[in-house]
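Asker: Have a look at this one.
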Amino acid sequence: DGLWVALLPTQYGIVELLDDDLEPVPEGGAGQIVATGLHNMAMPLIRYATGDGAVLARERCSCGRALRLLTGITGKAEDIVVTPGGRMIPGPLLSYALKGISGVVRSQLVQERPEMLTVRLVVNEDFLPRDEDLIRKGLTERLGDEVTLRFDYVSEIELSGRAKYRWIISSVPLRWGELSTSNLYEGREAD
């Protein structure tokens, strides 16, 4: 929550913060970051949905240029795991718990409530019983003891809409103080 980012000056780009209906959020509102670059003429990005979430701060930049500020910036284009204490853990941080485990063919984290996380695994013959312990240890180091881990061994992990693979699926809302928004992909197909 201590991270503040000044929005780009308009001569380089436009940054919008949009709600689930793709409408601008009010000051103090939470939403997804959509950016338009005005500097790259060879490959312009127009209203590019970055997959990041943030809160539009009520304060302005103290640099004197009165730029808008973002706070509460969260992870990349995937759902975010939310702990019972309200911490938001992006996927890249959790992925380190599975790095170097050669027996994992594919994995997926599914969260339906803050206190429980299901670790879905497709494994091959190289997966050893101690590998589950290593994954459990790595995830617990990042999530804390307040989240119970349940392992589910499956033969395949299905793709979502448009044949995309979602590594984290969470229906737990993201909260910034009194503000709340759904996880990025909740209730819709991933792009």
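Asker: Quick check: is even one residue across region 64-77 without any contact (Cβ under 8 Å) to a residue 12 or more places away in the chain, closer than 30 Å to ILE14 by Cβ and open to solvent by 40 Å² or more (accessible area, probe 1.4 Å)? Outline the logic, then answer.
Answerer: First pass over region 64-77, keeping only residues without any contact (Cβ under 8 Å) to a residue 12 or more places away in the chain: 64, 66.
With the extra rule that they be closer than 30 Å to ILE14 by Cβ, the set shrinks to 64, 66.
Going one step further and asking which of them are open to solvent by 40 Å² or more (accessible area, probe 1.4 Å), we end up with 64, 66.
Checked against the condition, which is being without any contact (Cβ under 8 Å) to a residue 12 or more places away in the chain, closer than 30 Å to ILE14 by Cβ and open to solvent by 40 Å² or more (accessible area, probe 1.4 Å), region 64-77 yields at least one hit.
Asker: Taking region 7-35 as the search range and keeping residues that are under 21 Å from the mean Cα position of the chain (by Cα) and surrounded by fewer than 16 Cβ atoms within 10 Å (Cβ to Cβ), which one is modelled with the highest pLDDT? Explain how you work it out, then say what you get.
Answerer: Step one: of region 7-35, the residues under 21 Å from the mean Cα position of the chain (by Cα) are 7, 15-25, 28-35.
Remaining after also requiring surrounded by fewer than 16 Cβ atoms within 10 Å (Cβ to Cβ): 19-24, 28.
Numbers: ASP19: 76, ASP20: 67, ASP21: 74, LEU22: 79, GLU23: 83, PRO24: 86, GLY28: 79.
Among residues in region 7-35 that are under 21 Å from the mean Cα position of the chain (by Cα) and surrounded by fewer than 16 Cβ atoms within 10 Å (Cβ to Cβ), the one modelled with the highest pLDDT is PRO24.
Asker: Something else now. Take the residues in region 36-80 that are assigned to a strand (DSSP E or B) and polar (S, T, N, Q); name whichever of them is modelled with the highest pLDDT.
Answerer: First, the residues of region 36-80 that are assigned to a strand (DSSP E or B): 36-37, 48-60, 68-74.
Now restrict to residues that are polar (S, T, N, Q): 36, 50, 71, 74.
On the way: THR36: 85, THR50: 73, THR71: 74, THR74: 60.
That would be THR36.
Asker: Can you tell me which residues in region 148-191 are at pLDDT below 55 and either open to solvent by 80 Å² or more (accessible area, probe 1.4 Å) or closer than 21 Å to ALA97 by Cα (or both)?
Answerer: Listed by number, the residues that qualify are ARG162, GLY187, ARG188, GLU189, ASP191.
Asker: Moving on to the next point. Specify the residue that is most open to solvent (accessible area, probe 1.4 Å); the eligible residues are those in region 122-147 that are within 19 Å of LEU93 (Cβ to Cβ) and over 19 Å from the mean Cα position of the chain (by Cα). So that I can check it myself, show each step before the final result.
Answerer: So in region 122-147, the residues within 19 Å of LEU93 (Cβ to Cβ) come out as 134-147.
Adding the requirement that they be over 19 Å from the mean Cα position of the chain (by Cα) leaves 134-137, 145-146.
Details: LEU134: 82, ILE135: 0, ARG136: 82, LYS137: 122, ASP145: 140, GLU146: 83 Å².
That would be ASP145.
Asker: Farther than 28 Å from GLY31 by Cα and either of a type in the set (Lys, Arg) or surrounded by 18 or more Cβ atoms within 10 Å (Cβ to Cβ) (or both), is that true of ARG113?
Answerer: In short, no.
Asker: Hey, could you check region 87-128 for residues that are of a type in the set (D, E, K, R) and outside any strand (DSSP E or B) and say which is modelled with the lowest pLDDT?
Answerer: So in region 87-128, the residues of a type in the set (D, E, K, R) come out as 87, 99, 106, 112-113, 115, 120, 125-126.
Next, from what is left, pick out any that are outside any strand (DSSP E or B): 87, 99, 115, 125-126.
Numbers: ARG87: 84, LYS99: 89, GLU115: 96, GLU125: 96, ASP126: 96.
The extreme case among them is ARG87.
Let's see how each residue does on (1) under 26 Å from VAL154 (Cα atoms); (2) free of Cβ contacts under 8 Å to residues at least 24 places away in the same chain; (3) in contact with a Lys or Arg (Cβ under 6 Å, 6 or more places away or on another chain):
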site	(1), (2), (3)
LEU18	no, yes, no
VAL34	no, yes, yes
ARG47	no, no, no
ILE101	yes, no, no
GLU112	yes, no, no
ASP133	yes, yes, no
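The values are calculated or read from the model by the stated rules, or taken from the named source; none is laboratory data. Bear in mind the structure is a predicted one, so any value in this text is a computation, not a measurement. Don't worry about glycine lacking a Cβ; one is built from the backbone with ideal geometry, like all the others, and counts go over all protein chains shown. Areas reflect the complete protein model, heavy atoms only, side chains present, ligands, DNA and RNA absent. Shrake-Rupley method; radii C 1.70, N 1.55, O 1.52, S 1.80 Å.
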